[in-house]
Amino acid sequence: MSLDTVENAGKTPDVELPWAELGLKKDEYERVVEILGRRPTGAELAMYSVMWSEHCSYKSSKVHLRQFGEKAPQSDALLVGIGENAGVVDVGNGYAVTFKVESHNHPSYVEPYQGAATGVGGIVRDIIAMGARPVAVVDPLRMGAADHPDTKRVLPGVVAGIGGYGNCLGLPNIGGEVVFDACYQGNPLVNAGAIGVMRHEDIHLAKAAGTGNKVIMYGARTGGDGIGGASILASETFDDAKPSKRPAVQVGDPFQEKLLIECTLEAFAEQLVVGIQDLGAAGISCATSELASNGSGGMRVELDDVPLRDSTLSPEEILMSESQERMCAVVEPGKVDRFLEICEKWDVIATVIGEVTDGDRLEIFWHGEKIVDVDPRTVAHDGPVYERPLARPDWQDALQADDAGKLPRPSTGDELKDQVLKVVASPNQASKKWITQQYDHFVQGNTVLAQPEDSGMIRIDEETGLGVAIATDGNGRFAKLDPYTGAQLALAEAYRNVATTGAKPLAVSDCLNFGSPEDPAVMWQFAEAIRGLADGCQQLGTPVTGGNVSLYNQTGEAAIHPTPVVAVLGVIDDVARRTPVAFQEEGQLLYLLGDTREEFGGSAWSQVVHEHLGGLPPAVDLERERLLGEILISASRDGMIDAAHDLSDGGLIQAVVESALLGGKGARLVVPDGLDAFTFLFSESAGRAVVAVPRSEELRFNDMCGARGLPVTRIGVVDGESVDVQGEFALPLDELREAHENTIPALLA
Amino acid sequence: MARVVVDVMLKPEILDPQGQAVQRALPRLGFDGISDVRQGKRFELEVDGPVDDAALARIQELAETFLANTVIENFTVKVEEPAQESAVGAEK
Amino acid sequence: MARVVVDVMLKPEILDPQGQAVQRALPRLGFDGISDVRQGKRFELEVDGPVDDAALARIQELAETFLANTVIENFTVKVEEPAQESAVGAEK
Amino acid sequence: MTARIGVVTFPGSLDDRDTQRAIRLAGAEPVALWHKDKDLKQVDAVVLPGGFSYGDYLRAGAISRFSPVMGTLIEQAKAGLPVLGICNGFQVLTEAHLLPGAMLGNDHLHFICRDQKLRVENADTAWTADYEAGQEIHIPLKNMDGRYVADERTLDMLEAEGRVAFRYVDFNPNGSLRDIAGITNEAGNVVGLMPHPEHAVEPLIGSGRTDGLPFFTSILKKLVAAS
Ligand SMILES: Nc1ncnc2c1ncn2[C@@H]1O[C@H](COP(=O)(O)OP(=O)(O)O)[C@@H](O)[C@H]1O
Ligand SMILES: [Mg+2]
């Protein structure tokens, strides 16, 4: 069959297109026919099918995600909310910050290096598309069992890919996570986040306004990569001679993306850009339909003008290609020449492919024939919305009844010591230095804090020292035990991590990684997690500015743990006040902030010592988190603390060991009255941090906590060459260091 | 002892940023007339014992499972006959 | 149009950690009997027009000044005869 | 008067802005130079900054070495213009044969980013006069292709002529022969090293030390004295 034009589609209403192979449901196809008033052309079907896919349309998650808007707390800081490429927050002094987390899970399993690399590339383009200069990246990762042979294939490849791309772009990597759990064996999670900075007046939105304005594609040539269904359209049904398998994995070119960043920023600086959109999932289909539908008019595109890497591509394939490192800008006719000049300066290929029209149609032409004639809103915004059935899993009660509090506990000091060593050396608690030293932390010369600090911190203004901090957290084990609480715990931990470094938490982005939405149990986990996160953000006053949903993380019947990953962004008015994790000086007093309860459900201890997952996760008290945050920020501002570390996985002992190893200074700890040593060391109660207070500040610090009603307990002092728990055990720093630092290299190197 | 060479190249439809960077530099160096450059990997394996069909089958498998990722790369396996080697080029 | 292949390998006296990493992984993958692995680069150049002596001389120069760094690498230049190519191996 | 120090931006340069900041902090005037311009804008010295010029494709520095700016730079460096190559800049200098030897992939095959201890072996170059010979400093290091190699004869010559400018101490992060972190040409005006002094010029930022600042004050003093 030759070219399927709009005219042809009108004349041949009975031709049945392969909608099922493209992933559309029968009723979805019928809706397309209804919208158009005729059957779609192949090119139109290509566009609808990708734009109405789960990934692009959020059809299963939309009804739940609405809560982020409905429950959004009043926040003066929010300049651009959910719905744009990334949210934008005011951080003062005329600066705005944009940030977002996305997933690149599946491709990273198939081709770890390129999958992870292109994940970084994609999230960075979202940031540029807002008008911002990207300033840092983070990479929350979840892998299969640490000792599984396939983990040795996937993780080093993923790390090399993230580093390979981010390092080459010149973006410091300032945070992330590495979590191992067998549930991720066939579905590792590779999430990537980026932060960008701009002046308020530079915020750009994805819209094509102004009749006669030109649509310019620039960046890499379009190739046949990342085309799923289009090749079915193009080959099996329309032209059997074509190769039917196009690669689903793409190779990234970070060098090209670096040039894209520079030339985009130069064009912004000269105010040449009316609207801009990156080309990510669904490629040109997405960029043109979104630009057009967010603008006032229509758009006309000459597909022949798209620079190609492979001249045999069909128009359907060009529309669906997900080739990396491409952008689309809308530019006034008088400024087109200058825009093209800047692209040429940076050796970036740029071509005018269309213009904004005064109609309301998106029309696409190929060899002079019209192959697409649609209302762009129906493609970009009117996708199907599903209220999928959800049901609390039948195993949930039994899981929660299997209380971790009943597990045998260590009964002697020696036993306690052995278990401490075991936890500190376990893959999830061990130092991730082998991984993070493959990332550039220094580039751009503004990094204040990076791994292994509680949050990453970047100076954004040299004059004043204004800075931003970011932390990402998630705990699939907690979320499995109770998805509502689990999501709030992820939020609480990221919030706490930011506050611990002295920054004020402002806003949230998230990446929601779950199994199949067609499984009611998974859908229930998903709905509960969103409800928890939305409620939590409302209570903490930190709006969700954007994020990403990744579903179908499932091997056969087995879904991953529900894994909401939460990123919290904070601001600090002078980075000189930042509080580091490392103990700074011998003799400083150690205080534990917050309440410690017997909470072991989902804990590191239960996993490492008993391979157990059951019971309830720690309780969440967000008012307490907020108070703790305020105290940590005030203490940093007033110079009352010299080091601080939030407590999370592994409990107090893990935090103290990390601060001690980083500072090269030991600690003497005393078990406080009313607690047994085991609970003191291993409980994972939320809302806690440990701080080191210079003796001169002791009174002032205690008074402040007392006045605000935050429980504060003196637990010891920074001292010596070991971590010493009075009456229980002493562990030399050397021994702890070996335990903590050798695990990951032994598994991966 | 014999040498087996495994050449691994990106599939033609996959972007080859390295090859492209080389090609784009050629005009600046004063080289015209080269319309495409692809850059891949060459593995030289020194095999103990005879390179019989069984040995080659195993190397074929090695290439497929380890030296190349066949999602994005093609490979070829060749036994190198020392005499024939540098057909035109001189080894420098 | 013809294809010219330039193979670039590290000089024998230069440590090749990539090749060594491959070789070290072999026993784990169940492959014995390979005593050495070296990893290098393969460039495939598509040449417009005939590959005559003049063209080859130019490519030789290109390899020497650009594709290889002769401080550390050796190279060979070969015209690829399409028919002869995959001597033993199948292209996968 | 103060000195004007050029910083070349190649496509893919990353630390050009940081290097300009370091020059400013040292009290000199940074001047942006563009790879496509042959003109060096009459600067008094040039820094080739770190990064991944041309993506490090082919070999690190191999493509940049042929850019128009390098034509002029090679000529003037031979005539005595002070040139500092940091990381990618060092790689460009070896590819351009302004410095002997070559840079290869790290022996452990990974990118490595760390605060690295170095010893200043030669404090007589244009860029190291503010250090003492034998002084140990900490400078951030971050690279994929940082393994310095040269044949034995060249290495012996470098040692004999005191042209090993910096050596890694306690830990060799990339397999460089004889722990070489940086070298100088015979005249001492061209220096290249893998670690990044421009990332060690402010307390709090990066490694939090200022051990890298003397690179920039050394050249400033020399230039001001000469003028
Ligand atoms: N994949 C990664 N990329 C970058 N940084 C990481 C990564 N994994 C862990 N880190 C960093 O290592 C440190 C410890 O991580 P983690 O134990 O997860 O922190 P926390 O428990 O405080 O959230 C943090 O600074 C974190 O940002
Ligand atoms: Mg923390």
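The values are calculated or read from the model by the stated rules, or taken from the named source; none is laboratory data. Being a predicted model, the structure only gives us computed values, none of them experimental. Backbone-built Cβ (ideal geometry, glycine too); neighbour counts: all protein chains shown.
A few points about this structure:
- In the stretch A:141-148 there is at least one residue matching the filter, namely being more than 19 Å from the chain's Cα centre (by Cα) and within 14 Å of ligand 1 (Cβ to nearest atom).
One line per residue, one yes/no per condition, for (1) touching a helix residue (DSSP H, G or I) at 6+ places or on another chain (Cβ under 6 Å); (2) more than 14 Å from chain B (Cβ to nearest Cβ); (3) of a type in the set (A, V, I, L, M):
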position: A:Leu272; (1), (2), (3): yes, yes, yes
position: A:Thr288; (1), (2), (3): no, yes, no
position: A:Ala292; (1), (2), (3): yes, yes, yes
position: A:Ser296; (1), (2), (3): no, yes, no
position: A:Leu313; (1), (2), (3): no, no, yes
position: A:Phe339; (1), (2), (3): yes, yes, no
position: A:Ile342; (1), (2), (3): yes, yes, yes
position: A:Asp360; (1), (2), (3): no, yes, no
position: A:Glu363; (1), (2), (3): no, yes, no
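- Annotation for the stretch A:664-672: at least one member residue is away from ligand 1 (no atom under 15 Å from the Cβ), closer than 22 Å to A:Lys422 by Cα, within 14 Å of another protein chain (Cβ to nearest Cβ) and modelled with pLDDT of 95 or more.
- Yes/no for D:Ala160 being without any contact (Cβ under 8 Å) to a residue 12 or more places away in the chain and away from chain A (no Cβ under 14 Å): yes
- Within the stretch D:83-108, tally of residues that are of a type outside the set (A, V, I, L, M, F, W, C), touching a Phe, Trp or Tyr at 6+ places or on another chain (Cβ under 7 Å) and away from chain C (no Cβ under 11 Å): 1
- Condition check for A:Ala686: surrounded by 22 or more Cβ atoms within 10 Å (Cβ to Cβ) and either in a strand (DSSP E or B) or in contact with a strand residue (DSSP E or B) (Cβ under 6 Å, 6 or more places away or on another chain) (or both): no
- Apart from one condition, A:Ile371 fits all of (1) assigned to a loop (DSSP other than H, G, I, E, B); (2) touching a Pro at 6+ places or on another chain (Cβ under 7 Å); the exception is (1).
- Pair list, Cβ < 6 Å and 6+ apart or interchain, from the stretch A:649-661 residues that are at pLDDT 95 or above to residues that are within 10 Å of ligand 2 (Cβ to nearest atom): A:Ala655/A:His645; A:Ala655/A:Leu647; A:Ser659/A:Val581; A:Ser659/A:His645
- Checking A:Gln451, A:Gln438, A:Gln488 one by one, the residue that is surrounded by fewer than 24 Cβ atoms within 10 Å (Cβ to Cβ) and more than 16 Å from ligand 2 (Cβ to nearest atom) is A:Gln438 and no other.
- Qualifying residue in the stretch A:507-518 (condition: away from chain D (no Cβ under 14 Å), out of contact with any helix residue (DSSP H, G or I) (no Cβ under 6 Å at 6 or more places or on another chain), in contact (Cβ under 8 Å) with a residue 40 or more places away in the chain and within 14 Å of ligand 1 (Cβ to nearest atom)): yes
- Flag for A:Gly651 being at positive phi, within 16 Å of ligand 2 (Cβ to nearest atom) and more than 14 Å from every other protein chain (Cβ to nearest Cβ): yes
- Every residue from the stretch A:654-668 that is more than 14 Å from ligand 2 (Cβ to nearest atom) and either surrounded by fewer than 24 Cβ atoms within 10 Å (Cβ to Cβ) or part of a helix (DSSP H, G or I) (or both): A:Ala660, A:Leu661, A:Gly663, A:Gly664, A:Lys665, A:Arg668
- From the list A:Gly467, A:Gly546, A:Gly476, the lone residue that is within 14 Å of chain D (Cβ to nearest Cβ), more than 16 Å from ligand 2 (Cβ to nearest atom) and touching a Lys or Arg at 6+ places or on another chain (Cβ under 9 Å) is A:Gly467.
- Matching entry among A:Leu540, A:Leu569, A:Leu533 (being under 24 Å from A:Val91 (Cα atoms), within 16 Å of ligand 1 (Cβ to nearest atom) and at pLDDT 95 or above): A:Leu569
- Segments classed as strands (runs of 3 or more DSSP E), wholly inside the stretch A:160-222, with at least 1 members that are touching a Ser or Thr at 6+ places or on another chain (Cβ under 6 Å) and under 19 Å from A:Glu290 (Cα atoms): A:214-219
- Residue count for the stretch A:425-479 under the criterion of being outside any loop (DSSP other than H, G, I, E, B), among the small types (Gly, Ala, Ser), in contact with a Gly (Cβ under 8 Å, 6 or more places away or on another chain) and over 11 Å from A:Asn173 (Cβ atoms): the result is 4.
- Scan of the stretch A:249-267 for residues that are touching a helix residue (DSSP H, G or I) at 6+ places or on another chain (Cβ under 6 Å) and either more than 14 Å from chain D (Cβ to nearest Cβ) or farther than 27 Å from B:Pro12 by Cα (or both), ordered by number: A:Val249, A:Gln250, A:Ile261, A:Cys263, A:Thr264, A:Glu266, A:Ala267
- For the stretch A:422-430, the criterion of being facing another protein chain (nearest Cβ under 9 Å) and within 16 Å of ligand 2 (Cβ to nearest atom) is met by no residue.
- Out of C:Val22, C:Val4, C:Val37, sole residue that is at the interface with chain B (Cβ under 9 Å from one of its Cβ atoms), within 21 Å of B:Asn74 (Cα to Cα), surrounded by 15 or more Cβ atoms within 10 Å (Cβ to Cβ) and touching a residue at least 40 places away in the same chain (Cβ under 8 Å): C:Val4
- Failed item in (1) more than 16 Å from ligand 1 (Cβ to nearest atom); (2) more than 16 Å from the chain's Cα centre (by Cα), with A:Ala499 passing the rest: (1)
Okay, residues lined up against (1) within 16 Å of ligand 2 (Cβ to nearest atom); (2) buried (at least 23 other Cβ atoms within 10 Å of the Cβ); (3) more than 14 Å from chain D (Cβ to nearest Cβ):
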site	(1), (2), (3)
A:Ile123	no, yes, yes
A:Ile128	no, yes, yes
A:Asp150	no, no, yes
A:Val159	no, yes, no
A:Gly170	no, yes, no
A:Ile174	yes, yes, no
A:Glu177	yes, no, yes
A:Ala182	no, no, yes
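- Screening the candidates C:Glu64, C:Glu46 for the property of being assigned to a strand (DSSP E or B) and at the interface with another protein chain (Cβ under 8 Å from one of its Cβ atoms) yields one hit, C:Glu46.
- Annotation for the stretch B:49-60: no member residue is on the phi < 0 side of the Ramachandran plot, within 7 Å of another protein chain (Cβ to nearest Cβ), among the acidic types (Asp, Glu) and in a helix (DSSP H, G or I).
- Just so you know, in the stretch D:1-30 the residues that are assigned to a strand (DSSP E or B) and within 10 Å of chain A (Cβ to nearest Cβ) include one that is surrounded by the fewest Cβ atoms within 10 Å (Cβ to Cβ), and it is D:Thr9.
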